[in-house]
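So the structure is just underneath, and the comments pick up after that.
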Amino acid sequence: MRVGLWIEGQLGAPVEEVVRQVSAAAEAGYARAWIGEVGSWDPLTLLAVVGRHVREIEVGTAIVRTYPRHPLALAAQALTVQAATGNRLVLGLGPSHAPIIENEYGQSFAAPGRNMREYLSALTPLLRGESVAYHGESWTAVGGIGVAGADAPPVLVSALGPVMLRVAGELADGTITAWAGPPTIGDMVRPALERAAAGAGRRSPAVVASVCVCVTADPDGARRWVNETFGRAGELPSYRAVLDREGLAGPGGAVVAGDETAVERGLRRFADAGATEILVIPVGTAQEKTRTVQTLGSLAPSLHAG
């Protein structure tokens with residue numbers, strides 16, 4: 001099981017600070033540095049810059065939103081990052097949520113599963129350098145993208161329900177989960193992906209589990225911090241369904257928190273459930289986040305070996 005790190009400095013920090021944090025993640029032993037779309041930097045543009053400065057670590061998006069990006073445009077962006085970084089990108093994408101897509105972009109969020117199936121049907125051939133002439137209900141894409149020195153990046157889909165998991169297994173290389181604990185990954189995510197991938201003749205999919213982690217003497221305090229900071233996540237239908245499945249009142253219940261031994265034990269449960277990578281999201285006070293980043297960096301080799 002690999003260990004990647006969510007880069008907190010992306011939240012409006014100068015580019016130089018993001019580069020510093022990614023460099024520190026590489027030195028600490030993390031396999032990947034992940035950046036998402038959070039109302040600040042464009043993640044792909046930022047990763048193209050960061051990847052030119054820090055060459056010792058893979059980079060990934062968790063996630064970029066599909067609705068605002070035409071498949072031809074996203075293919076051009078992703079392949080440009082591949083060329084700039086020496087083919088170290090993992091492209092994580094997803095539909096986002098109805099309040100964002102409808103209220104901010106003014107687009108319909110109807111049938112996100114069908115929308116994603118059409119999107120990937122156009123995108124993945126484009127990433128392989130093929131020309132497409134795709135005409136669907138939601139997307140039309142005609143043309144091709146050629147970027148010298150760029151390989152097709154692995155594509156991961158944010159998938160938490162049966163429809164999206166089937167799409168991810170059939171058309172992508174795996175999934176990135178959010179708020180899903182070992183029971184959900186082991187009982188639903190991993191089996192659904194494997195069935196879909198096998199039926200499509202694809203190899204075993206990756207499961208990147210995004211996990212809020214805090215190495216701390218005050219686990220309850222860390223959970224309160226997450227509930228206060230990310231409490232609205234529990235109001236979004238896809239996240240609410242996962243939390244209900246886990247029997248959790250709020251996102252704080254999904255945190256892996258405690259001392260070094262407790263955190264390592266908690267993360268190994270994700271590997272046992274079928275996760276292939278932990279995407280560590282450090283939470284808590286500034287001191288706790290620093291301790292968490294340092295601890296998980298030192299544990300990364302043993303978790304990978306395990």
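The values are calculated or read from the model by the stated rules, or taken from the named source; none is laboratory data. What you are looking at is a predicted structure, and each value in this text was computed from that prediction instead of being measured. Every residue, glycine as well, gets a Cβ built from its backbone with ideal geometry; the counts of neighbours run over all protein chains shown. Please note that ligands, DNA and RNA were not included when accessible areas were found on the heavy atoms of the full protein model with its side chains. Shrake-Rupley method; radii C 1.70, N 1.55, O 1.52, S 1.80 Å.
Checking residue 5 against (1) within 23 Å of residue 298 (Cβ to Cβ); (2) assigned to a helix (DSSP H, G or I), which single condition isn't satisfied? Of the numbered conditions (1) within 23 Å of residue 298 (Cβ to Cβ); (2) assigned to a helix (DSSP H, G or I), the odd one out for residue 5 is (2). Residues of the range 49-93 that are outside any helix (DSSP H, G or I), in contact with a strand residue (DSSP E or B) (Cβ under 7 Å, 6 or more places away or on another chain) and among the polar types (S, T, N, Q): 61, 66. If you check 186, 146 for being touching a residue at least 60 places away in the same chain (Cβ under 8 Å), surrounded by fewer than 21 Cβ atoms within 10 Å (Cβ to Cβ), over 17 Å from the mean Cα position of the chain (by Cα) and outside any strand (DSSP E or B), only one passes: 186. With respect to the conditions (1) closer than 28 Å to residue 125 by Cβ; (2) part of a helix (DSSP H, G or I); (3) open to solvent by less than 20 Å² (accessible area, probe 1.4 Å), residue 194 falls short on a single one, namely (3). Scanning the range 25-55 for residues that are surrounded by fewer than 20 Cβ atoms within 10 Å (Cβ to Cβ) and either acidic (Asp, Glu) or free of Cβ contacts under 8 Å to residues at least 24 places away in the same chain (or both), we see that the one that is nearest to residue 74 (Cα to Cα) is 42.
Could you tell me whether any residue of the range 227-241 is buried (at least 19 other Cβ atoms within 10 Å of the Cβ) and β-branched (Val, Ile, Thr)?
Step one: list which residues in the range 227-241 are buried (at least 19 other Cβ atoms within 10 Å of the Cβ), which gives 230, 233-234, 238-239.
Remaining after also requiring β-branched (Val, Ile, Thr): none.
No, the range 227-241 has no match at all.
To keep it simple, each residue is scored yes or no on (1) within 26 Å of residue 164 (Cβ to Cβ); (2) at pLDDT 95 or above; (3) among the small types (Gly, Ala, Ser).
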site	(1), (2), (3)
199	yes, yes, yes
235	yes, no, no
255	yes, yes, no
265	no, yes, no
295	no, no, no
298	no, no, yes
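Restricting attention to the range 69-111, the residues being open to solvent by 40 Å² or more (accessible area, probe 1.4 Å) and not aliphatic (A, V, I, L, M) number 13. Screening residue 299 against (1) part of a helix (DSSP H, G or I); (2) touching a residue at least 24 places away in the same chain (Cβ under 8 Å); (3) within 20 Å of the chain's Cα centre (by Cα); (4) crowded, with 19+ Cβ neighbours inside 10 Å leaves a single unmet condition, (3).
A count restricted to the range 17-36 and to residues that are of a type in the set (Phe, Trp, Tyr) and assigned to a loop (DSSP other than H, G, I, E, B) stands at 1.
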